[in-house]
Amino acid sequence: MTDSPLLVSDRDAVRTITVNRPDKLNALNAATLDALHVAFDEAAADAGIRAIVLTGAGPKAFVAGADIAEMATLTPVQARDFSLRGQRMMRAVERLPKPVIAMINGFALGGGLELAMCCHLRIAADTAKVGQPEINLGLIPGFGGTQRLLRLAGRAATLELCLLGAPIDAARAQQLGIVNRVVPGAQLEEETMKLATQLASAAPLASRGILDCVNSGGECAIEEGLAFESAQFGLIFATEDMREGTTAFLERRKPAFNGR
Ligand code: COA
C-alpha cells in the first residue's frame with residue numbers, strides 16, 4: 001500500500017482521508033481520483049464511521065488542482081473522460097449519506113476547490129487560498145466548479161473567481177460563503193476534529209435525511225423539495241433515534257443515538 005496516493009486513519013467514528021502527494025501539492029491525477037472514489041465508498045459502507053474529514057498532506061496544500069502534467073497531453077476524448085471521472089467521484093462524495101468536512105490546510109485551487117465544494121462543510125486555515133485558476137492555463141473548470149460554485153456562492157462570485165483566475169484568501173472565501181469557518185492554522189486540526197466529533201455523535205439517520213433533502217431539494221422546484229422533505233420527515237419517525245432524542249429531551253438527559 002506504500003504507493004497509495006491516500007492516507008486513511010480512524011479516530012473513533014471519524015475517518016480522515018488525506019490526499020498524500022505533497023511533492024506535487026496533492027494534485028489530482030487519475031489514480032488519485034479513483035482512490036478517492038474507492039475510499040469514500042468504503043467509508044460509506046463502514047457502519048462504524050459516522051463522519052469523514054478530507055484533507056491534503058504537507059504544510060502547503062489541500063489540493064493544488066487537477067494534475068497539470070497528466071492533463072497536458074490528453075486528447076479531447078480523454079479530457080472528457082478525465083472530467084467525467086472527477087465529476088463522478090465528486091458527485092459520490094456530495095451524495096454520501098454521512099457528513100464530509102473539507103479541512104482546507106493550504107491551497108485549494110482548481111480541482112482542489114472543486115473537491116472541497118463537493119464536501120458538506122468546509123473549514124479553512126486563515127492562511128489558505130482558494131480559487132479556480134484554470135483560465136490561466138487556457139482551460140475551464142471540469143470537475144463541477146462552474147456549477148457548484150454557482151450554487152454555493154452565486155453568479156457574481158463564480159464569474160469573478162473563474163474569469164479572473166486569481167486565488168482569494170480564506171477570509172474573503174468565508175465572506176462569499178465558500179467556506180463555513182476560518183481558524184488559525186495551528187488550530188485547524190483541533191477545530192476540525194471537534195466539528196467532526198459533533199457530527200459523528202449526531203443521530204446518523206437524521207444526518208442522512210438532511211443530506212438527502214438538501215441534495216435533492218436544491219435541484220428541483222420548491223413544491224417537489226417540500227414534498228420530499230415531508231416524506232423524509234415521516235420516515236424519520238420510524239427510527240429508534242427519533243424516539244430516543246425526543247424522550248431524552250423530555251426526561252432532561254443526553255440522548256444516546258444508535259443509528260437505528
Ligand atoms: N498539477 C501538477 N503538479 C502541480 C500542480 C498541479 N495542479 N500544482 C503544483 N504542482 C507541482 C509543481 O509542478 C511542483 O512540482 P516539481 O517540484 O516537480 O516542479 C510542485 O508541485 C510544487 O509546486 P510549486 O509550483 O513549485 O510551488 P509554489 O509554492 O511555487 O506555488 C502554487 C504554489 C499553488 C501557486 C503553484 O504550484 C500553482 O500555481 N499550481 C497550479 C495551480 C493550478 O493552476 N491549478 C488548477 C489546475 S487545472
Average projection area in nm² (convex hull over Cα atoms of the stretch 32-168, one quarter of hull surface): 8.2 nm²
All-pairs Cα distance distribution in the stretch 1-108, expressed in whole percent, bin size 10 Å: 15, 46, 32, 6, 0
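Which whole number of Å³ per residue matches the convex hull of the alpha-carbon atoms in the stretch 198-260?
Output value, Cα hull per residue: 84 Å³.
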Apportionment of accessible area to carbon and sulfur, the chain, percent (1.4 Å): 58 percent
Net charge dipole size for the chain [Lys, Arg +1 and Asp, Glu -1 on Cβ; Debye, nearest 20]: 340 debye
Computed FRET value (nearest 0.05) for Arg88 with Leu164, which takes r as the C-beta separation and R₀ as 51 Å: 0.95
Size of electric dipole in the stretch 169-260: Cβ of Lys, Arg +1 and of Asp, Glu -1, about Cα centre, debye, nearest 20: 400 debye
Ordering of 136-148, 97-109 by burial proxy (mean other Cβ atoms within 10 Å per residue, highest first): 97-109, 136-148
Average projection area in nm² (convex hull over Cα atoms of the chain, one quarter of hull surface): 15.1 nm²
Under the Karplus curve 6.51 cos²θ - 1.76 cosθ + 1.60, θ = phi - 60°, whole-Hz ³J(HN,Hα) for the stretch 64-80, x wherever Gly or Pro sits: 8, x, 5, 6, 5, 5, 6, 6, 4, 9, 5, 7, x, 5, 5, 5, 4
Taking the stretch 1-138 and dividing mean pair separation by its residue count, relative contact order in percent (alpha carbons under 8 Å, at least six apart): 24 percent
Relative packing of 181-187, 31-37, which averages over residues the other C-beta atoms within 10 Å, highest first: 31-37, 181-187
Modelled FRET efficiency - R0 45 Å, Ile140 with Leu235, Cβ distances, 0.05 increments: 0.70
Nearest-0.05 FRET efficiency for Val38 and Asn215, computed from C-beta distance (R0 30 Å): 0.90
Helix axis angle, 222-236 relative to the chain longest principal axis, alpha carbon, degrees: 50 degrees
Per-residue HN-Hα couplings for the stretch 199-215 [Karplus 6.51, -1.76, 1.60; θ = phi - 60°; Hz; x = Gly/Pro]: 4, 6, 8, 6, 5, x, 6, 6, 4, 5, x, 5, 4, 4, 5, 5, 5
Cut-off under 5 Å, modelled amide H: who pairs with Ile104 long-range: Ile123, Ala124, Ala125
Between 0 and 90°, nearest 10: helix 30-45 axis offset from the chain longest Cα axis: 0 degrees
Sequence-distant residues sharing a close amide H with Leu6 (under 5 Å, placed H): Asn20
Listed residue (Val53, Pro76, Gly111) projecting farthest to the positive dipole end of the chain, Cβ model: Val53
The chain - accessible surface per residue (Å², probe 1.4 Å): 52 Å²
Packing rank of 191-201, 246-256, 77-87, where each peptide gets the mean count of other beta carbons within 10 Å, highest leading: 191-201, 77-87, 246-256
Alpha carbon Rg of the stretch 143-260, scaled by the compact-globule rule 2.2 N^0.38 Å: 1.39
Percentage relative contact order, the stretch 86-217, counting C-alpha pairs under 8 Å, at least six apart: 30 percent
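The values are calculated or read from the model by the stated rules, or taken from the named source; none is laboratory data. In this text the structure is predicted, and so the values were computed from the model without any measurement. So basically every Cβ, Gly included, is an ideal-geometry build from the backbone, and we count neighbours across all protein chains shown. Just the protein is used for accessible areas: all its heavy atoms, side chains included, with ligands, DNA and RNA removed. Shrake-Rupley method; radii C 1.70, N 1.55, O 1.52, S 1.80 Å.
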